[in-house]
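> Following this message is one structure expressed as structure tokens.
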Amino acid sequence: MAAEPVWWWTRHMAPIRLTVGQGTDPGLRRQLNEDSLLVAPPLFAVADGMGGHEAGEVASRICVETLQAGLAGRTVNGVHAGEVLDIGELRRLIAAADERIRAAAASRAGTTVSGVALVEVEGKPNWLVFNVGDSRTYRLNGGKLEQVTRDPPEAQELLDHGRITAQQALVHPRRNVVTRALGTGEDAEPDFRLLPVEPGDRVLICSAGLTSEVSDDHLHTILPALANPQDVVDALVQAALRSGGRDNITLVVIDAAEA
């Protein structure tokens, strides 16, 4: 099914045309889908719940509901109404989600979260990328695929220091150790990154159920191959299932173009 475009703008900025695809699948090994996603322009997110026995599902759902509640009064039929998010407000929303999850699950469950918010910086559109844990955000532009979020420190540190390769990181015994999450542990502070929106941007936000099955090279093959974001989502879900589908698979793909 083709994704329908929406528009986003502020009082000081020309409209941005967004085309969005989304999808989630429990995978082939798990009965329960603990992932949640949010598509509420100008905010997009994927939350990967942890805890099992429905606790992870509750954590991820509370996360996206809290983020969406922060948009109240900002959008009309999915179109941005003129007020913009910023890092401070997004940090407060993520902290509120952390507190709500801890209260609901007594710190027995948590969720990672990654996503982007479209923000205005000096009259120009930017991606405000945020991340807690091992869910990821990528950007494809000009034929180059970049992971714009950082993985949890244990695996990322080995990769950064050249002690393992990107391919080895996919099968490293510590690859699934999540050192930061909302609702559990001592560190729920998000990472932020600000990137100017470039013509032809395609953004992928995904849970670990995709990237644990589909390598970056394979992502780089599929992402530019299809024109419609929903077709890309469907192809990536099928690729993850063919590779084993050992975890829940959730992703959002966003194309952005100036009017």
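The values are calculated or read from the model by the stated rules, or taken from the named source; none is laboratory data. Model, not experiment: these values are computed from the prediction. Backbone-built Cβ (ideal geometry, glycine too); neighbour counts: all protein chains shown.
> Looking at this structure, is Leu170 under 18 Å from Arg246 (Cα atoms) and either crowded, with 20+ Cβ neighbours inside 10 Å or at pLDDT below 95 (or both)?
Numbers: under 18 Å from Arg246 (Cα atoms): yes; either crowded, with 20+ Cβ neighbours inside 10 Å or at pLDDT below 95 (or both): yes.
Yes.
> Let me ask something else. Please count how many residues of the stretch 10-22 are surrounded by fewer than 19 Cβ atoms within 10 Å (Cβ to Cβ) and either basic (Lys, Arg) or in a strand (DSSP E or B) (or both).
If we filter the stretch 10-22 for residues that are surrounded by fewer than 19 Cβ atoms within 10 Å (Cβ to Cβ), which is where we start, we get 11-12, 14-15, 17.
From what's left, either basic (Lys, Arg) or in a strand (DSSP E or B) (or both): 11, 14-15, 17.
Qualifying residue count for the region: 4.
> What single numbered condition from (1) modelled with pLDDT of 95 or more; (2) among the acidic types (Asp, Glu); (3) surrounded by fewer than 22 Cβ atoms within 10 Å (Cβ to Cβ) fails to hold for Asp86?
(1)
> For the stretch 232-259, which residues satisfy the criterion of being in a loop (DSSP other than H, G, I, E, B) and free of Cβ contacts under 8 Å to residues at least 40 places away in the same chain? First the steps, then the outcome.
Start the filter on the stretch 232-259 by keeping residues that are in a loop (DSSP other than H, G, I, E, B), which leaves 243-248, 259.
Matches in the stretch 232-259: Ser243 only.
> Scan Pro196, Pro224 and give me the residue that is in contact with a strand residue (DSSP E or B) (Cβ under 9 Å, 6 or more places away or on another chain) and closer than 21 Å to Asn126 by Cα.
Working: Pro224 fails: closer than 21 Å to Asn126 by Cα.
The match here is Pro196.
> Residue by residue through the stretch 20-42, note down the ones that are modelled with pLDDT of 95 or more and within 24 Å of Val119 (Cβ to Cβ).
Once the filter is applied, which keeps residues that are modelled with pLDDT of 95 or more and within 24 Å of Val119 (Cβ to Cβ), the stretch 20-42 yields Val20, Gly21, Gln22, Ser36, Leu37, Leu38, Val39.
> While we're here: Report, by residue number, each residue of the stretch 216-259 that is buried (at least 22 other Cβ atoms within 10 Å of the Cβ) and among the charged types (D, E, K, R).
The answer is Asp247, and nothing else.
> Does Pro190 satisfy the condition of being surrounded by 14 or more Cβ atoms within 10 Å (Cβ to Cβ), out of contact with any helix residue (DSSP H, G or I) (no Cβ under 6 Å at 6 or more places or on another chain), modelled with pLDDT of 90 or more and within 18 Å of Leu37 (Cβ to Cβ)?
no
> While we're looking at this one, here's another question. Can you name the residue in the stretch 92-120 that is of a type in the set (Ser, Thr, Tyr) and crowded, with 17+ Cβ neighbours inside 10 Å and, of all such residues, is farthest from Leu204 (Cα to Cα)? If you could, list the steps in order and put the result at the bottom.
Taking the stretch 92-120 first, the residues of a type in the set (Ser, Thr, Tyr) are 107, 111-112, 114.
Retained after the next criterion (residues that are crowded, with 17+ Cβ neighbours inside 10 Å): 111-112, 114.
Numbers: Thr111: 19, Thr112: 16, Ser114: 10 Å.
By that ranking, first place goes to Thr111.
> Every residue in the stretch 204-259 that is among the hydroxyl-bearing types (Ser, Thr, Tyr) and over 24 Å from Arg29 (Cα atoms), please. Show your work before the answer.
Within the stretch 204-259, the first condition is being among the hydroxyl-bearing types (Ser, Thr, Tyr), and the residues that meet it are 207, 211-212, 215, 221, 243, 250.
Correct list: Thr221 only.
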